[in-house]
Structure formats: structure tokens, C-alpha cells
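Structure first, commentary second.
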Amino acid sequence: MLLFALRRVAFGLVLFVIVSFTTMFLLSFSFDSIIGSKLGSAANVDSIAAMKADLGLDRSVPVLYAEWFRGVLHGDLGASFFTGEPVTEALPSRLAVTLSVVGPAMIISALIALFLGVLAATRGGWVDKTAQGMMLTGYLVPNLLIAIVLVVVFAVNLGWFPATGFTSFAEDPAEWARSITLPVITMAFGGAASMANQVRGTMIDELRKDYVRTLRTRGVSARAIVIRHALRNSAGPALTVFGLTFITLFGSALFIEQVFALPGFGTYSFNVALQGDFPVLMGLTAFGVGLTIGVNLLIDLANGWLNPKARQY
Amino acid sequence: MQVNTPLRRQVRRSVAAAIAAGAVFTLGACSGASDPAASPTTGTSESGAPAADAPTTLAIATNRAPSTFDPVGLATGNDALIWGSIYDTLFVIGPDGELVPHLATGYSYSDDGLELTVTLRDDLTFSDGTPATAAEYKATLEHIRDTAGAGQAMADTVASVEAADATTVVITFSANDPGFLFDLTSRVGIIAQPDKMADESYGLDPIGAGPYMLDAEKTQSGTQYVLIKRDDYWNADAYPFEEVTVRVIADATAIENSLRAGELDIAGVQAQTAPQFESSGDFTTTQLEAQSSLFLDIADRDGAIEPAFADLRVRQAINFALNRDGFVQAGGGVGQPAYQMDFPSTSGYDPALDSVYTYDVEKAKSLLAEAGYAEGFSIDMPSLVYTTSMEPAITQALADIGITVNWDSIPPQDTVQALLSGKYPVILWFASTLPDANQVQDFYAPAALLNPMHTTDPELDALLEQASKITDPAAGADIYKQINAFGVNNAWYAPLMFTGQTFAEAEGYKYVGTSAQQSVRIESYGVAG
């Protein structure tokens, strides 16, 4: 298991380097545009060259990357070209907002998915059909539409929740809960649908296996079969989908944050990308890649723990 | 007399102004995307003083965050709402487009127009309590002039700036620059704390001489800016709001939802939804008729890329091919058709020019045929992030007379470079209201952004030289009218429409800005009388 874990970590690191280097390489073609955007109408060939040299962007990409990577290892991601704000200070507050929404949305989605998926797989008949209908609806209805309907009904008309904005937990826990409710429901809707379908499928497969029949003949209760045996055995594929859903929810945060005007990671990334704030963009890339690799690594490790066969890959 | 000022000098306002105006089109209008600065008293109720039960807090939205508070990096347009409150400016633009002293008390030019003397108030202080005098203004202007950044170009005709005494600033120019006077309502008109300018944190934590200061505790950079009124500001009584919260909300629908939910007090609303606000009973509305313009810049007037454009008849044909009423209707009906480049609020505007190009496709086709282009031709145009929504209509209008448009997609950060590249014979572009002097510099000067191929004309050169000597804005109307007429008669541009904007106001609030004011200022937000 240790060797397996080390192998996955090493693979993750290599992937991190490849993706972040590629990002820097691609961004290097835009250095002139980025500096042009900072200089605004004062931009010309000379002023761009001077500022490029001043910022050290006239060096080769491998040199720039080595310096950046050294900084990453020391926890220094540089500072914004525009505001001078250190990237390591700019990210956490934005991240907290996004995680405030994605975290609860993920937990609620997972609980709904487990409940709906297991119910559909074990009961069959009209319960299964109804559950599938709900999953299909979750798939088909765009998040954006759900968000708009929720805002119009619960924020604008009923006034139960704020239409836009975010209150931090530290500032006011009750307001925090109100500010994330509608975004969390919006996100959980689609997330639960995709995960529930996966849980249902794997549960049906498991329940058809010979060992389940054997357990039944031994008089093990249906509840125990589902909870102690079938659910655990079907957890592997479901975990993979849960991990992917988490990353997808994180990615879709941009749209949700736009609709609810949340000052999160997605909004920040979007603004920074438009501005071409190079150090922040690299910091966001490092974080995004790190998150994806980290979540996948955790899933791999969990899978390895759940299923010894998986450890050989 | 030098008419031409350096290229970068000419482009600075157009870019920011157009980007601010462009946001109106692409986002459907946000409170930040519009106008004005007003006289120091416009923030009060109409009776001159706030009523006893008048609101003392204000929540508004802007569609983009200021990128920095470093004086050299300040952008005009939307961003001025926040930095203008913190720094203030020597002058502001009044409701009718006139220059109103603010941090300054007056100005005078030398006879040759190369020396501008500005007198400052003698009771100015920064929010940290230190005095703001001519020496601090000199340091601020020199910082902007000598530091690479977006604002530098606005100061590049400044040869020297001297503080003659605590309240007198003498600015000497390397070339006549009548637009500079109005630039004193913008970023070169601010006074920043010079000691603080050296700090790295200055981009986030500014110290200015304006009516408000940034509440660092409640402000989250890029998301929400909380401004606290300074009771020691020289004209504090003119500002009715003790606390102003400016939220950054990029999405126009989110702004409207926020307004409906009571989270914002005043916001610009989209033309399509404005009637809902008007009829709801919960909001009053204020409509600005012409705050930005949409037009085709026929940049290739010498025919360097597409020889057809050297022929006046071809440029005129484009002007005849545009159904301007249709453009206004497509934009939601807020605004008016534009037949000339000067805004109705400027002294260069001439109603007689509105009948030069009426919509007449047959006439356009016959002009093209006379010029030898009966079969039409193809052109490349830059597709900019701010213009995408209007491009299909342009494509159709030009296709009607046989001109095929190929749109080149331009990344947002390359917008200015694309315009300056000289690669495009025609450019779809926007502009906010500009004072006459700046309009002339930005639209007609040989080095203007909107004249990227540096076209000159002897008749225009003579007019521009006269315009460069104007030191009293009120006395220049005749010259400005002639320059505007030159643009129309020679079809340098094909104006499309002046766009308006509707502001919805919650009970107790009133938007008091006007179309004549270019930048968004806190003074535009007031209490209902």
C-alpha cells in the first residue's frame, strides 16, 4: 500500500510540473499583451520591452519556471502585477467562499445520491422509475436556470435569502448560512443527479452478484446486505464519480458565482484571466492542478484501501 | 504651433471611455457603466440639504473592480466611482458639461497656452490628517508622468510642474494641450499622499484628499469596497451618505436581482427590463438619453488597405446604408440615432448635420456603383469583446450594399493593440461623452487612436491648429462645430446611435448625474428631494 501511495504521489507531481510548465509556456506568448494591458494606452514597443525587463519576463521560460517552482516549494507564488497583493494572500479568502458553497453542495449531493441511488436499486418498480425521473431532471435542467428561478422566487419575491453576495462565517454564522443556501441548492441539484445514477448502477450490479444471493439464503437481512456488503463493494466506482463531481462543481463555481455575485475562486479566476495577471494566473493554475491531482490521489488511495486489486496499478 | 501630440497621448481617453461605454452594450448596463461627476452639491437633496429621514447609507454596484489604486494605474470610466471618492479631482464636470472647481478654485492660461496655473483650495487634507497642498499635487502629477502605467499618457505633454506656493500650481506644457484642462477632472487631477505612494501596498490601500476613505476592514479587493465619509473633508455637507458600499457584480441580471431584493439602492438597468422597474411601484427611474455612442470608424480613409475607402462616395455609401432607427430599437429603444460624432450635450453638436445621411440603401448602392464598386468588396473588421452583440447587425447592413465583413476575433487584452495595428480599414467602436477639446484630440488628430492610419487633411489641419489654441472652452464652439462638420461631410465615421441608460432608484434615492458627464462619480448618487 505504501509503494502504491508513493507511486501515485510521484505521478501527481510529474503531472503538476507538466501542466504548470505548459501553462507558463503558453502564457509566455502573451507576455507582450499582458504588459500592454497593464500599460494601457501608454503601451508601445519600447515601454513594453522596458517593463518586461523590469519584471524579469524577458528571460527564457525554463528559467522563469525554475524560479516560480522554487517559489512554490517555499510557499511564495509572487504578487499581482496590478495590485501588488501577494498571490498567497489573495487566494485563501476567495477559496473560502467557493469551498463554502462547493463543500456543503458536495455533502448534500452525496447524501441525496446515496439515498436516491440505493432506494432506486433496491426497491425497483415505480420507486426506481420516479428516482430515475428525478435524476434525469437533475441532468437536463441547466444549473443556470435553477439559479435564476431560485433567486426570483426565494430572494426577490419572498425575500427569504439574499439574491447576491456572501457573508463570511466569522462575521455572522446565520447570515453565512442564508448567503450560501441558494447557491448550494443550485449546485447540489446537478451534482446529486450524476452521482445518484452511478450509485444506482453499481448497486444494481452488486445486488445481482452470487455472494448477495448466498447472504440472502443465510438469512442476512436485506438492510445488512445493502449497508454492510453491497454498498461497500460498490463504493469504488462511486468514489471516483464523487471525486470527479467535486472537481466539476469547483469548475462550475464560476457560473454560480456570477449569478449570485459571490466573490469566490471562479469570479477571481475569470477577472484575472481577462486582465492577464501572470503571477496570479500561475498561482491559480498551481492551485487548480494541485486540487485536481490531490482529489484524484485521495480517491486512488481510498480505492486502493477498499480494493486490494486496485493497488497493483 | 504643434498640432500633433504623441500617439499615446491621444489614445488614453478613448480606450477607457470606450471600454466603459462598451460595457453598457455588452452587459446591458450597470450602475458603474455610465456617467458622471457633478457639482459638489448634486449629492444632496434637491432642496440643498438632506431631509431628516433621508437615507445615510448607499449601496451601489459596479461591473468591474478597479485594478489598482496606484495613481498611475487608475482607469477612467467605471473605476472613477471608487477612486474619485477617495482622491477627488481638481475639477469635476458639471451637469451641463461645464468645468466646476472642486479641489481647485480656478485656473488661468498664459497667452501662448503653454502654461496653466491652477489655484488649489487652502483647506485640503488627506484622510490621514496631513495637509494636501500644491507640493503634494506636484508629487502626484510627477509620479503619474514618470511611472510606466495606464495613466502616464495623460501627462506626457507636461514638461514641468511647480508648486509656486501652498495653493498655486504652475504646469508647463511641451505642446499645446487644451484637453488637459478637462483631464484635471480625471486621474491627472487627483492629489495622492506622496509618502504613501512609495509603499507596495498602495495599490490596495490609498490615501487621498477626497470626501471618502476606504474602510480597509470591510473592503475586500475586487469584490466589495466600503467607503466611509470624511467629516474633515472641505465640503462634507454636500455628501449625504455616511457609508457607501460599492459591490462588484459583473452580471447585469444579478445587479437587477440584487436591486429588486433590496440589496442595492440605485443601479443602471437593462433597456428591456427598465419598464418593469418603472411600473413596479417600488422604484423610480431616471433616464439618461445620450451617454455613449456607437459608431463605425472608417479608419482607412486613404485607402491603404482597401482602396475603395479613399473614395468619399464609398464612405458616404456606408453612412447611407445604416438604419439607425433600427439600431436604436434593437438596443431596447433607450437612446437616439446618431448622425454625427459630437454628443448633443457638447458645443460642437449641430442639429443641421442630422439630415446629411438618412437611411437610403438604393442611394448607397448607386454611390458604390458610381465609385466603381457595384459588385461590392470584402473587408476585415476586429471582433472585440465589447462589440460582439452588435456585429450581426453591422454584417447585415453592409451586406445589403455588397460589402462582406470578415470578423477577426481579438482577445480582450489585445483590444488597444488591435486598434493601433492599422490592420483594419473599419472598426466598430464606442465612446463615452467627451468634452469638445478631448473629442477633437481623440477623433481627428493625426495621432488619435481613432485615426490609426494617421490620415491628415489640409482643411482639418487648419481647424485643429485653431482648436489647439483654445484656452477658454466656452469660446471654442464655432471651431468645434466646423471640425464636427468636417467629419460628417468627409464621412470619416459612420455614427450609429447615442445610447442612453435607465437608472432604477429605491425609495429615498435619486440618480442625479447627467449625460454630459463622462466618468462615474459618487456625486451622481443622491437622495430624493
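Among rounded, prolate and oblate, which fits segment A:229-313 when a ≥ b ≥ c are the square roots of the eigenvalues of its C-alpha gyration tensor, a/c under 1.5 means rounded, and a/b larger than b/c means prolate?
It is oblate, given that a/c is not under 1.5 and a/b is not larger than b/c.
Placing unit charges on C-beta atoms (Lys and Arg positive, Asp and Glu negative, everything else neutral), compute the dipole magnitude of chain B about its Cα centre in debye, rounded to 20.
With only Lys, Arg, Asp and Glu charged at Cβ, the dipole is about 820 debye.
I need the shape label for chain B. Rule: rounded when a/c is under 1.5, else prolate if a/b > b/c, else oblate, with a, b, c from the alpha carbon gyration tensor.
oblate
So for the protein assembly as shown, taking the charge dipole from beta-carbon charges (+1 Lys/Arg, -1 Asp/Glu), which of B:Leu428, B:Ile522, A:Thr88 sits furthest toward the positive end?
Of the candidates, A:Thr88 comes out farthest on the positive side.
From the phi of every residue in segment B:168-184, what ³J(HN,Hα) in whole Hz does the Karplus formula 6.51 cos²θ - 1.76 cosθ + 1.60 yield, where θ is phi - 60° and glycine or proline is x?
Running phi through 6.51 cos²θ - 1.76 cosθ + 1.60 with θ = phi - 60° gives 10, 10, 10, 10, 10, 9, 7, 8, 4, 8, x, x, 4, 4, 6, 5, 6 Hz.
Among A:Ile112, B:Ile305, which comes first, second and so on when ranked by fewest other beta-carbon atoms within 10 Å?
So the residues, fewest neighbours to most, are B:Ile305, A:Ile112.
How many percent of Cα pairs in segment B:331-417 exceed 20 Å?
Value for segment B:331-417: 55 percent of Cα pairs lie more than 20 Å apart.
Taking the Cα centre of each part, how many Å lie between segment B:174-252 and segment A:49-86?
Measuring centre to centre over Cα atoms gives 29 Å.
Using only Cα atoms, what is the ratio of the radius of gyration of segment B:445-529 to 2.2 N^0.38 Å?
The reported ratio for this selection is 1.55.
Over the Cα atoms of chain A, what radius of gyration and what Dmax do you get, in Å?
Spelled out, the Cα radius of gyration and Dmax of chain A are 23.7, 84 Å.
With the Cα gyration tensor of segment B:71-241 giving a ≥ b ≥ c as the square roots of its eigenvalues, does the rule (a/c under 1.5 for rounded; else a/b larger than b/c for prolate; else oblate) give rounded, prolate or oblate?
Prolate shape, in that a/c is at least 1.5 and a/b is the bigger ratio.
Would you work out which of A:Phe270, A:Val156, A:Ile227 lies farthest towards the positive end of the dipole of chain A, given +1 charges on the beta-carbon of Lys and Arg and -1 on that of Asp and Glu, about the Cα centre?
A:Ile227
For each of B:Glu142, A:Glu85, count neighbouring Cβ atoms within 10 Å of the residue's Cβ, then give the residues from fewest to most.
Ascending number of Cβ neighbours within 10 Å: B:Glu142, A:Glu85.
Hull surface divided by four, with the convex hull built on the Cα atoms of the protein assembly as shown: how many nm²?
One quarter of the hull surface, i.e. the mean projection, equals 40.2 nm².
Taking the Cα centre of chain A as origin, sum charge times position over the Cβ atoms of Lys and Arg (+1) and Asp and Glu (-1), and report the length of that vector in debye to the nearest 20.
2040 debye
Near A:Lys38, which lysines are there with a Cα under 22 Å away, not counting those fewer than 8 places off in the same chain?
List returned: A:Lys52, B:Lys196.
Please turn the phi angles of segment B:503-509 into ³J(HN,Hα) values with the Karplus equation 6.51 cos²θ - 1.76 cosθ + 1.60 (θ = phi - 60°), one per residue in order, whole Hz, x for glycine and proline.
9, 9, 10, 6, 4, x, 10
Using θ = phi - 60° and the Karplus relation 6.51 cos²θ - 1.76 cosθ + 1.60, list the HN-Hα couplings for segment A:124-137 in order, rounded to whole Hz, with x at every Gly or Pro.
x, x, 5, 5, 4, 4, 5, 4, 5, x, 5, 4, 4, 4
Could you please rank A:Lys52, A:Lys209, A:Lys38, B:Lys510, placing first whichever residue has the fewest other Cβ atoms within 10 Å of its Cβ?
Fewest-to-most ranking of A:Lys52, A:Lys209, A:Lys38, B:Lys510: A:Lys209, A:Lys52, B:Lys510, A:Lys38.
Dipole of the protein assembly as shown, Cα-centred, from +1 at each Lys and Arg C-beta and -1 at each Asp and Glu C-beta, to the nearest 20 debye?
The calculated dipole for the protein assembly as shown is roughly 5780 debye.
Taking each residue of B:60-66 in turn, how many C-beta atoms of other protein chains fall within 10 Å of its C-beta, and what is the average?
2
If one computes the Cα centroid of segment B:88-146 and of segment B:374-441, what distance in Å separates the two points?
One Cα centre to the other: 37 Å.
Let me check against my output: what whole-number percent is the relative contact order of chain B, with C-alpha pairs under 8 Å and at least 6 apart?
Rounded, it is 27 percent for chain B.
Which one of B:Thr119, A:Val241, B:Gln291 has its Cα pushed farthest toward the positive end of the charge dipole of the protein assembly as shown, where Lys and Arg give +1 and Asp and Glu give -1 at the Cβ?
Of the options given, the answer is A:Val241.
Coordinate-derived values only; no laboratory data. Keep in mind the model is a prediction, meaning the values are calculated, not measured. As a convention, Cβ positions derive from the backbone with ideal geometry for all residues, glycine included, and neighbour counts pool all protein chains shown.
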